[in-house]
Amino acid sequence: METLEDQIVEDACGICVSHSLHDTHSMMKALQHRGREGAGIFFFGKNRLDVIKWRGSVDMFDLSDFYKMLPMEEYHTFGGHVRYATQGRKDRILDDAHPHVIGGETIERGNHVIILNCQAAIIHNGQVNSEYLKEINKSELKTGCDTERVLHFFRENGEEGMLKKIPGAYTLAIADMRMKDVIIARDGTGIKPGVLGWKDGKSVIASEDIAFGKIGAEFVEDLTPGSVYYLQPEGNYKERHIIDLPISHCFFEWNYIAHADSIINRRRVSIVRENLGEMLAEECIPTDADIVSFLPRCPAPAAKNYAKASGIKLEYIFYKPHSERAFMGSTSQDRASSIGNNLYLSPIVNLKNKNIILIDDSTVRGNNSKRAIKMLKEAGSGKVYLLNYTPKIGITPRDKVPRGCSYGVDMPPEDDFIVRVHKDGLITNENRSDEEIANEIGADKVYFLSKQGMLNAFKKSGVNPKELCTFCIGGKRPF
């Protein structure tokens, strides 16, 4: 029987590191779109390493509280993490929240935990498969999270061994009392993003450059895949390149995860989404449509370009009072609750007998689109066409290997994908037809951008299609 220690927990999170607690806390808030279930900070100094992590959003802890709890004058570097819990582990959010540590005195405080005098701490965005971590002594582990195992692996093999023996998928930061610098590493394939910035003569690190704008930092470069960066206490850094592997960036960062204003691997997210919308219009324009709209907020750039290319009027039909993303919920109940309590129809748009094109970034489980289509039908709309600018995620292609993500996004191959046939409450490896998917979610028609169409949009945006991981939509494994 599988034990907690045998489980692997995926993260599509956000990390940041700076030499100012204020800046780290601000960058965490800027990265909140990458995770809202848990947050945490490591406080690193010459003579001590402490951690605080808590349930909920970054703002659950006021910045001034940290100064009341810990001796801030003893730290020189601060690492922050925002996370969304996966695999239904809602009851273990605090245990699985980052930073993960080795050693230290743990003080439980209900909705948060304080860990004093740690030996080492790690924050991590990505997922490392258990096959690369078999040598770790499970008796030393406190959780079932892959991140904790990576920290133990690092302590035993060092940064060079980590990058050479674990091909992906991760961007991470490690504070270790045996070393004066904070170690930043991005795997050789570059699946997960990471950027280097500069503020007031000191280096800063984040998952996305949008975090730099919140603190007045200047973007320097994307972290080089296969490299280690040593962030020194006084603010300088050194880079050491260790390994070269074929680049395999996660396309879903541009399609959904990253903020529209971010630049991922030198390409602005909003431009990629605009080109995806334009390509969608090249492939599918229902001839009797009256309105183009979208499910807020991610598909906005795509919907605007789709409307422009198709000549169909764009209307803002839906709105969300809160910025939380239903996809980030840790369970199906949590995702459904987020949709039900945070998606509404505009009171000023006339939908009576209007045929509507609804643009979405992707349809993974179908919860969001099903709810939206039901609302449109109840409001008296005519036909509803759901158009996705991401190809079908979770399909079983000709090689008979069920797809999904095993590299850092909460879409494991065994997930309840809308594109697969469900029998007796269980998901199978059979693919549904477009008509079956449309019937399941209540749409009159559903369309998914072709894989080639998506790759053409990336090429137009300046991204080399050969440098994208497409495993979840039927492509080969990135490593």
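Scanning segment 428-453 for residues that are within 24 Å of the chain's Cα centre (by Cα), over 19 Å from ALA372 (Cβ atoms) and not polar (S, T, N, Q) yields LYS451, GLY453. Could you tell me whether segment 66-82 includes any residue that is exposed (fewer than 14 other Cβ atoms within 10 Å of the Cβ), aromatic (Phe, Trp, Tyr) and more than 19 Å from the chain's Cα centre (by Cα)? Looking for residues that are exposed (fewer than 14 other Cβ atoms within 10 Å of the Cβ), aromatic (Phe, Trp, Tyr) and more than 19 Å from the chain's Cα centre (by Cα), one finds at least one in segment 66-82, hence yes.
Matching residues to (1) at pLDDT 95 or above; (2) of a type outside the set (Phe, Trp, Tyr):
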| position | (1), (2) |
| --- | --- |
| VAL17 | yes, yes |
| ASP23 | yes, yes |
| SER26 | yes, yes |
| PHE44 | yes, no |
| MET72 | yes, yes |
| GLY79 | yes, yes |
| ALA85 | no, yes |
| HIS100 | yes, yes |
| GLY103 | yes, yes |
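State whether one or more residues within segment 438-458 are more than 30 Å from THR171 (Cβ to Cβ) and free of Cβ contacts under 8 Å to residues at least 24 places away in the same chain. Yes: one or more hits. Take VAL128 and tell me if it is surrounded by 17 or more Cβ atoms within 10 Å (Cβ to Cβ) and either outside the structural domain of ILE93 (by TED's automatic domain parsing) or free of Cβ contacts under 8 Å to residues at least 40 places away in the same chain (or both). Judged against the criteria, VAL128 is not a match.
Each row is one residue, and each column tells you yes or no for (1) farther than 25 Å from LEU343 by Cβ; (2) acidic (Asp, Glu).
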site: SER248; (1), (2): yes, no
site: SER262; (1), (2): no, no
site: VAL272; (1), (2): no, no
site: ASN275; (1), (2): yes, no
site: GLU282; (1), (2): yes, yes
site: ILE285; (1), (2): yes, no
site: ASP290; (1), (2): no, yes
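Residue selection: HIS98 satisfies the criterion of being closer than 29 Å to CYS405 by Cα, in a loop (DSSP other than H, G, I, E, B) and within 20 Å of the chain's Cα centre (by Cα). Screening MET28 with (1) within 25 Å of GLY194 (Cα to Cα); (2) hydrophobic (A, V, I, L, M, F, W, C); (3) part of a helix (DSSP H, G or I); (4) more than 17 Å from the chain's Cα centre (by Cα) gives one miss only, at (4). Look at segment 58-81: where a residue is under 16 Å from GLN32 (Cα atoms), no partner that is surrounded by fewer than 18 Cβ atoms within 10 Å (Cβ to Cβ) and acidic (Asp, Glu) sits 6+ places away or on another chain with Cβ atoms under 8 Å.
The values are calculated or read from the model by the stated rules, or taken from the named source; none is laboratory data. In this text the structure is predicted, and so the values were computed from the model without any measurement. So basically every Cβ, Gly included, is an ideal-geometry build from the backbone, and we count neighbours across all protein chains shown.
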